[in-house]
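Trainee: Okay, handing you the structure first.
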Amino acid sequence: VQLQASGGGLVQAGGSLRLTCALSGSLGNIDRVGWLRQAPGKQRELVAAVASDGFKQYADSVKGRFVISRGNAGNAVFLQLNDLKPEDTAVYYCAAARPYYNNWSFWGPGTLVTVSS
């Protein structure tokens, strides 16, 4: 399974971005797809995830502002970032987990989101 994140950039506070995670390979081997982020000097954290059954989860810090969704063809996962804040600045990674596994087995290179105040 290969993942490729894109869509990062520089945006002013209050603005929006849409991140795309393109998936390829043996997609039957994955269940959840998630977006994680790592800010300078901080630990990586889960931002949002979506399971194959449609269940979605969000970090408390992004609830009501970010929306995760899957493409109809199943080969992409999107993260809509709204009302961005400077503290959302981070490298955003998409990752995928196998069914019944708690860890993220597959990772793609990150995309940088920078929010200016």
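The values are calculated or read from the model by the stated rules, or taken from the named source; none is laboratory data. Note that the coordinates shown come from a computational prediction; the quantities given were computed from them, not determined experimentally. Quick reminder, even Gly has a Cβ in these numbers, built from the backbone with ideal geometry, and neighbours come from all protein chains shown. Accessible surface areas use protein heavy atoms only, side chains included; no ligands, DNA or RNA. Shrake-Rupley method; radii C 1.70, N 1.55, O 1.52, S 1.80 Å.
Trainee: Just one of (1) within 19 Å of P109 (Cβ to Cβ); (2) part of a loop (DSSP other than H, G, I, E, B) trips up A49, so point out which.
Mentor: All conditions pass for A49, except number (2).
Trainee: Does the range 5-12 contain any residue that is in contact with a Leu (Cβ under 7 Å, 6 or more places away or on another chain), closer than 13 Å to F78 by Cβ and either buried (at least 20 other Cβ atoms within 10 Å of the Cβ) or of a type in the set (D, E, K, R) (or both)?
Mentor: yes
Trainee: When you check V67 against the structure, is it at pLDDT 95 or above and touching a helix residue (DSSP H, G or I) at 6+ places or on another chain (Cβ under 7 Å), yes or no?
Mentor: no
The rows are residues; the columns are (1) open to solvent by 70 Å² or more (accessible area, probe 1.4 Å); (2) on the phi < 0 side of the Ramachandran plot; (3) part of a loop (DSSP other than H, G, I, E, B); (4) in contact (Cβ under 8 Å) with a residue 24 or more places away in the chain.
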| position | (1), (2), (3), (4) |
| --- | --- |
| A22 | no, yes, no, yes |
| G34 | no, yes, no, yes |
| K63 | yes, yes, yes, no |
| I68 | no, yes, no, yes |
| L84 | no, yes, yes, yes |
| E87 | yes, yes, no, yes |
| Y100 | yes, no, yes, yes |
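Trainee: So, one more: Going through the range 102-117 one residue at a time, which ones are surrounded by fewer than 19 Cβ atoms within 10 Å (Cβ to Cβ) and of a type in the set (A, V, I, L, M)?
Mentor: L112 - this is the single residue of the range 102-117 that is surrounded by fewer than 19 Cβ atoms within 10 Å (Cβ to Cβ) and of a type in the set (A, V, I, L, M).
Trainee: Of Q57, Q80, which residue is within 21 Å of G14 (Cα to Cα), out of contact with any Ser or Thr (no Cβ under 6 Å at 6 or more places or on another chain) and either assigned to a strand (DSSP E or B) or open to solvent by less than 50 Å² (accessible area, probe 1.4 Å) (or both)?
Mentor: Q80
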